[in-house]
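Below: one structure, written as structure tokens.
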Amino acid sequence: MLLLLLGIILLHVAGLVLLFVSTIVSVWTTGETTTSDLWLNCTAAIDGYHCNPATSGEWIQAVQAVMILSIIFSCLSLFLFFCQLFTLQKGGRFFLTGTFQILASLFVMSGAIIYTVMSPQWVPGSDNFGYSYILAWVAFPLALISGLIYVILRKRE
Amino acid sequence: FAAKTKLTSIIRYYSMPEQSQAIMIYTGWERHALVGGDVRLSCSFFSWRWTSEEVTFSWTYRPDGARDSISIFHYTGGVAYVDNKGPFRDRLEFVGNPGRRDGSILIKNLDYNDNVGRPSSVRLLVFEKVPIQAGVITGAIIGVVLGLLVLIVVIYYLMRFLVARRVFSLSVSKHGKKKKEGSQQRQGPVPAADPSKVKAAASEKKKQESRKDKK
């Protein structure tokens, strides 16, 4: 029982860490001399890196918002899990926790999809997707599975 | 041939009939090449907004000590105009692809005389609408979603309070409210302590139903 609990928490925290890394580090595309993130577009110059903020563009701001929302919802769901752990009746289900976690996974998915669809218009075609983009796509199924586990799980003892 | 182009990022708002705005550009910096060889001056530009092939950009050349700069290459309206009078006539070739944000040019058959001058920075003019400020849409989306969340929570607690009051007025005994989620600013989770199990089961069922309705 304790092992199950630890496993569930570990899964949740892993997804949360992936979300944080993907949003903050956010090396979403890389090229030879440029890296393009959700927040900055950097290019390597002779005197270091020149970075410019993403000042315009509606869709990139939507991706930013959705990634931040997914982090918020995942944190809320972790907090709610601990609250429900102590207040739930025997046999009750962690519906609220699961709902928040599934919502967080949906947000990550929509953010990654928006970025995938829009990125040919933002970066040169020769650039590749960076690791933060991949982390976002990995965080989506992790959060989804974690949320489903919460919905199915029943409180014992 | 030491072409040292400045790495510039220019944001300029013009008050023209078509509001134009330059977008970020990145050009290569110092380039070294042998006499008689070729050199490619790369220039890629970046914009969060969708750009089409109808951008306008030009490479200008200003030799050391000269006051005027001449345009050695101009691209507008989908057509590239290569200069045929300046120092790079017949040696300039456009190898970029504006549809893919690449405005590079190739200078062939370099002469030692090319060492004298250096091309100036690249200026890029794109005719677009004035963009929305950074963070406006981000903040709006986050605010709306969190606001909806708070609204749902408030409505839920309000309904529970109303239902409890109605139930409370019917029954005589008092009992502490059993909290199922402690996510608000109350004192932390309180264990269940209601004496009548029937009432607890009824309110429990109502809560589960209301939560299922919301999903």
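The values are calculated or read from the model by the stated rules, or taken from the named source; none is laboratory data. None of the values given here were measured: they were computed from a predicted structure. No Cβ is skipped: glycine too gets one built from the backbone with ideal geometry, and neighbour counts run over all protein chains shown. The accessibility values were calculated without ligands, DNA or RNA, using every heavy atom of the protein model including side chains. Shrake-Rupley method; radii C 1.70, N 1.55, O 1.52, S 1.80 Å.
Before moving on, here are some points about what is shown:
- The residues on offer are A:Val138, A:Val151, A:Val117, A:Val108, and the sole one that is β-branched (Val, Ile, Thr) and within 11 Å of another protein chain (Cβ to nearest Cβ) is A:Val151.
- Filtered residue count, the stretch A:72-81, keeping only those that are more than 7 Å from chain B (Cβ to nearest Cβ) and either of a type in the set (Ser, Thr, Tyr) or open to solvent by less than 10 Å² (accessible area, probe 1.4 Å) (or both): 4
- Hey, A:Leu148 modelled with pLDDT under 95 and in contact with a helix residue (DSSP H, G or I) (Cβ under 6 Å, 6 or more places away or on another chain) or not: no
- Once the stretch A:7-37 is narrowed to residues that are over 16 Å from the mean Cα position of the chain (by Cα) and closer than 20 Å to A:Ile114 by Cβ, the residue that is farthest from the other protein chains (Cβ to nearest Cβ) is A:Thr30.
- The number of residues in the stretch A:57-71 being open to solvent by 30 Å² or more (accessible area, probe 1.4 Å) and facing chain B (nearest Cβ under 7 Å) comes to 2.
- First in the stretch A:128-157 and closer than 19 Å to A:Val117 by Cβ, second anywhere and open to solvent by less than 40 Å² (accessible area, probe 1.4 Å) and part of a loop (DSSP other than H, G, I, E, B), Cβ under 7 Å, 6 or more apart: A:Phe129/A:Trp28; A:Gly130/A:Val27; A:Gly130/A:Trp28; A:Ser132/A:Ser26; A:Ser132/A:Val27; A:Ser132/A:Trp28; A:Tyr133/A:Trp28
- When we screen A:Met67, A:Met118 for residues that are under 21 Å from B:Ala134 (Cβ atoms), at pLDDT below 85 and assigned to a helix (DSSP H, G or I), the only hit is A:Met118.
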